[in-house]
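These notes concern the structure reproduced below.
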Amino acid sequence: MSLNFTGDPSLYRYWDATECVAFTLEMAKRALEIELREETEYLRRYDTLFKVVNDNYDVRGSLLSKLIMQCLDQNGVVSKGRRKQYNGYIQEEVFDFLEGQAQALLAETYAEPDDQ
């Protein structure tokens, strides 16, 4: 039996994936070193705020959750629009308390370490 290959030899050549692999590795490193750490820090601040506000005020969990996320995303400030939106559900002093606690947490996070 004799077989003659009639296809194109380029079908059996491999392509150089070095650049793709290097890019994927760089993105994986970024995810592990930067983004996961940032997400962990965000969740730590969220949990802290949820606990302290929940311990001091009676606010429905779903509203408090949305309010905390918005507050953290806005650098520790509850917008006037959000205050109006939740006016009948949340007391004004809760907004002020949340802002104060969030700003303290953010200041602690971004403060420069002391030289010791």
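Nothing in this text is a laboratory measurement; each read-out follows from the coordinates by a stated rule. A quick note: this is a predicted structure, and the numbers were derived from the prediction, not measured. Note that we place each Cβ from the backbone using ideal geometry, even for glycine, and neighbour counts take in every protein chain shown.
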task: Show that you can apply the helix-only estimate: for the chain, add -39,500 (n - 2.57) for every DSSP H stretch of four or more residues, divide by all residues, and state [θ] at 222 nm to the nearest 500.
output: -20000 deg cm²/dmol
- prompt: trypsin sites (Lys or Arg not before Pro), restricted to region 1-55: which are DSSP loop and have at most 15 other Cβ atoms within 10 Å?
  reply: R13
- prompt: Looking at region 70-100, which chymotrypsin sites (Phe, Trp or Tyr not before Pro) are in a loop (DSSP not H, G, I, E or B) and have at most 14 other Cβ atoms within 10 Å?
  reply: Y89
Calculated Rg and Dmax of the Cα atoms in Å (choose from (1) 13.8, 47; (2) 26.1, 91; (3) 14.4, 50), label: (2)
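About the Cα centre, and with charges only on the beta carbon of Lys, Arg (+1) and Asp, Glu (-1), how big is the dipole of the chain? Nearest 20 debye, please.
640
So for the chain, averaging the separation of alpha carbon pairs under 8 Å that are six or more residues apart and normalising by length, what relative contact order in percent results? Could you put the intermediate results ahead of the total?
On the way: 43 pairs, mean separation 26.9, N = 116.
Contact order relative to length: 23 percent.
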